[in-house]
Amino acid sequence: MVLYKFSDDREISNAPMSTSLLAKLQRDILTGKLKPGQKLTEQEICKEYQVSRTPVREALRQLEADGLVENILNRGAFVIGMSKQDFEDMFEMRRAYEVQAVRWAIQRITDEEMDKLEETFEFMEFYTMRRDVEKMLVINAGFHQVIYEASHNRMLRKQLSSYQNYLKYKGSEAVYDDDYLPTVLEEHRAIFKAFVDKDEKAGAEAMERHINRARERRCE
């Protein structure tokens with residue numbers, strides 16, 4: 001079996017300061033490094049993450065808008081975090097939105113987007129053959145991002161991208177058995193085939209199966 005610990009430090013470090021700090025705080029809240037109920041002060045965040053006060057204020061505002069932090073009048077900002085029920089609910093919402101995204105994407109996908117989806121799937125085949133779990137996880141996310149873009153619905157794309165970002169921290173350390181890569185590849189093959197065939201029904205069914213199995217794998 002393959003042990004893989006999720007790490008996005010390189011991606012975070014290459015982002016602009018305000019985006020980078022927000023991503024780090026999101027990660028630390030969702031992985032439990034910053035505990036529910038913990039008070040967040042600008043001074044401590046500046047010291048811990050080695051940033052100035054301006055990106056801290058921007059990050060705290062966004063975390064509050066995202067529901068990860070609560071700003072209590074005259075008391076300050078406190079971590080809310082995500083409960084097990086929150087993650088369960090997010091999976092349910094993601095499933096419904098992913099299915100709709102596939103339907104719209106099959107209807108609306110451009111030739112350029114189809115080429116991008118095909119290329120991404122070919123990379124999935126390549127890294128499955130190489131048994132590279134880390135690369136496969138990144139490309140898996142990219143495959144879904146192409147579908148979000150091809151749905152040509154910016155609100156849906158934004159929502160699904162947010163879910164994907166949050167859920168990647170659910171079980172930040174996971175064990176993948178020997179069947180993981182070929183199984184996931186075949187799930188995506190069914191989705192990709194539906195795009196080739198322009199079959200919305202098959203695409204919706206394939207995506208729903210994939211999301212259900214992804215949820216089961218995270219709970220195993």
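The values are calculated or read from the model by the stated rules, or taken from the named source; none is laboratory data. Because the structure is predicted, anything quoted here is derived from the model rather than measured. We place every Cβ from the backbone using ideal geometry, glycine too, and count neighbours over all the protein chains shown. Please note that ligands, DNA and RNA were not included when accessible areas were found on the heavy atoms of the full protein model with its side chains. Shrake-Rupley method; radii C 1.70, N 1.55, O 1.52, S 1.80 Å.
Just a few scattered comments:
- Residue within segment 69-83 that is in a helix (DSSP H, G or I) and either among the hydrophobic types (A, V, I, L, M, F, W, C) or open to solvent by 50 Å² or more (accessible area, probe 1.4 Å) (or both) present: no
- Qualifying residues in segment 23-55 (those that are of a type in the set (S, T, N, Q), open to solvent by 60 Å² or more (accessible area, probe 1.4 Å) and assigned to a helix (DSSP H, G or I)) - the one modelled with the highest pLDDT: Gln43
- Within this structure, Arg94 fails the test of being open to solvent by 50 Å² or more (accessible area, probe 1.4 Å), farther than 16 Å from Gln38 by Cα and in contact (Cβ under 8 Å) with a residue 12 or more places away in the chain.
- Test for Glu58: is it surrounded by fewer than 17 Cβ atoms within 10 Å (Cβ to Cβ), of a type outside the set (Phe, Trp, Tyr) and out of contact with any Leu (no Cβ under 7 Å at 6 or more places or on another chain): yes
Per-residue answers, yes or no, for (1) crowded, with 16+ Cβ neighbours inside 10 Å; (2) touching a residue at least 60 places away in the same chain (Cβ under 8 Å):
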{"site": "Glu113", "(1), (2)": "yes, no"}
{"site": "Tyr163", "(1), (2)": "yes, yes"}
{"site": "Leu185", "(1), (2)": "yes, yes"}
{"site": "Arg189", "(1), (2)": "no, yes"}
